[in-house]
1. Name the residue that is most open to solvent (accessible area, probe 1.4 Å), counting only residues in the stretch B:331-382 that are touching a Cys at 6+ places or on another chain (Cβ under 7 Å) and aliphatic (A, V, I, L, M).
2. Which count do you get for residues in the stretch A:224-245 that are over 10 Å from residue A:328 (Cβ atoms) and either within 14 Å of another protein chain (Cβ to nearest Cβ) or touching a Lys or Arg at 6+ places or on another chain (Cβ under 8 Å) (or both)?
3. Take the residues of the stretch A:490-518 that are in a helix (DSSP H, G or I) and of a type outside the set (A, V, I, L, M): which is surrounded by the most Cβ atoms within 10 Å (Cβ to Cβ)?
4. Only one of these is more than 18 Å from residue A:680 (Cβ to Cβ), over 25 Å from the mean Cα position of the chain (by Cα) and within 14 Å of chain B (Cβ to nearest Cβ): A:56, A:26, A:50. Name it.
5. Kindly state which strands (runs of 3 or more DSSP E) lie completely within the stretch A:207-252 and contain at least 1 residues that are open to solvent by less than 10 Å² (accessible area, probe 1.4 Å).
6. So how many residues does the stretch B:42-56 have that are more than 12 Å from the chain's Cα centre (by Cα) and either of a type in the set (Lys, Arg) or open to solvent by less than 10 Å² (accessible area, probe 1.4 Å) (or both)?
7. Restricting the stretch B:24-34 to residues that are touching a strand residue (DSSP E or B) at 6+ places or on another chain (Cβ under 8 Å) and more than 13 Å from every other protein chain (Cβ to nearest Cβ), which is farthest from residue B:351 (Cα to Cα)?
Amino acid sequence: MEDHRILKHPILPIEEREDVLFTWNGEPLLAKKGEMISSALIANGINIFGHHHKDGSAQGIFCANGQCAKCTVIADGLAVKSCMTAVTPGMEIRSLEGLPELPDTAFIPKYPPLEKLEVDVLIIGGGPAGLSAAIELGKYNINTLLIDDKQALGGKLVLQTHKFFGSEEDSNAGMRGIEIGKLLALELQKYPSVQFWLNSTALFVFSDQKVGILKDGIYKLVTPHIILNAAGAREKFLRFPGNDLARIYGAGAFQTLVNRDLVRPTNRLFIIGGGNVGLIAGYHALQAGINVVGLAEAMPQCGGYKVHSDKLKRLGVPIYTSHTIINAAGKETVESITIAQIDSEFKPIPGTEKSFACDTLLIAVGLNSLSEFTQEAKEAGIQVFSAGDAQEIAEASSAMFNGKIAGLTIAKEYGKEEVEGIPSEWYAKAEVLKSHPGKIKDYQKDLPEQGVFPIIHCLQEIPCNPCTTVCPTNSIHTEDDGLMSLPVYSGNCIGCYKCVLICPGLAITLVDYRNDKEHPIVTIPYEVFNIPKTEGEEIELVDIDGNPLGFYPIIAVLDVKKSHTQLIKVQVPQTIAKRVASFRIQAKEISEPLSSPLISEKLPDEAMVCLCERVKVGDIRKLIKSGITNLNQIKAITRSGMGPCGAKTCENLILQLLREEGIPTENIVSNTLRPLFIEVPLEKFPDGD
Amino acid sequence: MAKVYDVIIIGAGSIGVPAALNLALRKQKVLVIDVETAPGQQNNKKAIGGVRATHSDYGKINVCKLSIEIMKNWQETWGDDIGWLSNGYSYPAYTEEDEKTLKEQMEIQHSYGLNIIWVSPEEYNELVPGINKEELRGSTYSPEDGSCSPLLLGSAYYFHSLEAKVEYCFREKVIGFDMSQSKITRVITDKGTYSSGMVINAAGNYGREIAAMAGLNLPVQPENHEAGITEPVARFMYPMVVDMRIRPGSENFYFYQNNEGQIVFCITPMPPILGIDNRSTSTFLPLCTKRMLEVYPRLHNLRVRRTWRGQYPMTPDGFPIVGKSGDNLINAVGMCGQGFMLGPGMGELITRICLDELTESDVHILQSFNPERDFSRMEAFK
């Protein structure tokens, strides 16, 4: 059987782990000790975990986050979420076919009393925002409890193998997300007034001002005086016929599988969505040795940073802007997808369809703030703040900054007299850090063809400046010294490569005319060296947009271990030296469309809205057309939102449908918010004596 | 000019919507007014779905018998699947005294023609496999009781009432009546005024306030109850289990497996939590799961999916208040948490009150529900 483990990764260390034997539907297989069942199955090439009890549709990994139940399997007789349950030696795992059986229990369990405690501040979420806030509260010695539902602090930072944008001084720009996460976690531990609980999920903020938290499988009730919601965001889903096939999921799930669990869930990935999340996921896929067939984005230009999309294009991943997905096809899992160009009203243009063979589809079409804890706290009458994506969707650099602001605000609110006012420039900076990308400009002109200097292939205004702070001769500045404007080179390069190595966009090359003016040496940063490049190998050089510039041999490879980056040197004619931005690594054949498009007979209304309860677009649209605009009523009639995920996926799709049908926002009644955040076994709750 | 209807129903819930459909089928021009944005948005959707004729008096037994007939035949009559299940009800006894009380009740219930039997602990274990038999003395079992989805039935009633030309005014609040002696001449809302021959007060939680607008004082007091639902599993148990024992913090609690395979559960807090507060509390799950798992340890691994809170509009004696007051007001309030199971039968009864077609049995039924009774009796199975 093909091994779907990542055995080589340019950034992540691959540790030796003990093998554990388990069985899948009776067949013996190997897992790694301590890994989640879902990853063990995917590592063994198993992607269908069962079939839905309502329509027999194939089920598999979806959220990889314990939020839905699509990955449910039967482990030693019990239905469990495979993404949240570790394999144990000898575990008998079976696919879930239909509804699970509830095993009989002979014993009468005894339950201890529930633990109840009070804290001054409860922070929900140990990602960049929560950690940054907790550190500030720690500095003022405020009794703070930070909880996170993962096994490690850092939130999504722990999945981010790329170098971060933003400003070096405020948000560690230029460092990799995983390192920033570790740094923040380490700093947090300096403050004794802050305790943190891992594997701890907030279930609800109850009206009696207690927060139900499941910590390491034990239910506890915490009474906080103030809550900070730093719980992040959830991904939006998309409706298209075939969206309910197995092996369609979001970037969070993908990054968890690839960057946390080091499994390779796909050989041929297609990505929908050209925001930073989708673009970065594409890059992570390449670093994991996954072929990225293509990326489609509905807007005429990717919403993510240009440097991210340029990077993908240069490595050989085609990006189809003004394109949308028409359908996904396959027997049980995705086997192909079809995209088409869209007009100015986002309607597909007939005749422009292209189909691609792929085995997995990644949906990265935006995030929604996870606002329920804020709403619950308000309803319970607890003072509540929010930070990071839970407050407003933005980059992690911005989350760290507004986390800091939230921490200080709470400290002040808490009556710490010594807290000085928050400087107004902090707010200004917080605003800049969450800026959307700005204007695209031209390359810097008039650079001489002599000496050595950086070519900055960073032409779009984004909040990022590490190249300016790292230069030892102070030779790079942004146009107006602001964080957003473009960096320009202005003088005394000594060829130290620091800017080349720190640029999160891998958008700086160094051109050196000193040895041979007619054939300067170009140094290119490279961090996909799971696909190794060696001296003497001919590579196809490309310009900023991935246009070919010809094949040239590598003359040297410098391995800069500290920054997990290689410097690839090529010698090229003077005419192209400044245009060389990178080189193609993915062969053209990988991204070729099928010879003729597969036009599906399925109508858009056959797309699934509620994957849990199997409710289609058509069923919902019919109700909307009959005048029903109350989500609770739609739920009552169709069961949409009544499944295990609790409307986390379908609510947004239904709201989109309501908008599409022209229903004014004021006529829409949202779902009523109810406990619990995730499904929890009954046995966790009894308050014993 | 006020719009004129034959009947105005205040409240689009468990009672109001079935009454509306039945009246419309009898060619009445019906208007239903509700403050919510859609039908069934207060306590109808919060019902747990159990339906039993196993009560202790002629009135409730007969209304619910009719409800069961209507629900059981719904799909055949109307074509919609409402998830009806003849899964029965059971009241297990753990003390000699409870056994005695239950058996005495059974005699009364038999006299009203109910099919209800006593089962041994072993037989009960067949119906609820894995039930804790410690101290269990046996249980009642009424196989003809059952359950269906309040959401599906509520929606079905609503859609059929629309087909029957019932008009609905949502997001509209009744703020008063114009009265001429004991006759309501106009119903006044925050958006307009309407006239009708008859006015039905089916306002659930707000039944007392609406009656007060006609100068009546009806003792209806909402009490808060919380309920929960689990993930679905393959069918493993049959009847609703109602544990009548009193424990610190709670009176009875009950649970059953619905047609989707999910366990629905609910507990009666003690002392009662008066008022209207739909927010969930941290006390419900610890209290209810402790009792539930003690009785039925098999459930321990089953995952809770959702919990919610609603109200039982209670009367002092646990019986509804249904009947005509003055010239043209019919009160149908104080359903004591049984509006869903009483609703279909009540819809037909209300229609006959409206059209002055009461049968001898109806008259007997309405004695139990008389708004002018002294409320000193106690319902044994409330």
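1. Per the criteria, the residue is B:341.
2. Looking only at that region, the number is 3.
3. A:499
4. From the options A:56, A:26, A:50, the qualifying one is A:50.
5. A:211-215, A:218-229, A:248-250
6. 2
7. Once the filter is applied, the top-ranked residue is B:33.
This table checks each residue for (1) in contact with a Leu (Cβ under 8 Å, 6 or more places away or on another chain); (2) over 24 Å from residue A:683 (Cβ atoms); (3) among the polar types (S, T, N, Q).
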position: A:35; (1), (2), (3): no, yes, no
position: A:61; (1), (2), (3): yes, yes, no
position: A:66; (1), (2), (3): no, no, no
position: A:90; (1), (2), (3): yes, no, no
position: A:94; (1), (2), (3): no, no, no
position: A:104; (1), (2), (3): no, no, no
position: A:107; (1), (2), (3): no, no, no
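The values are calculated or read from the model by the stated rules, or taken from the named source; none is laboratory data. Predicted, not measured: the structure shown is a model, and the values here were computed from it. Positions of Cβ are generated from backbone atoms using ideal geometry, with glycine treated the same way; all protein chains shown enter the neighbour counts. These accessible areas exclude ligands, DNA and RNA; they are computed on the full protein's heavy atoms, side chains included. Shrake-Rupley method; radii C 1.70, N 1.55, O 1.52, S 1.80 Å.
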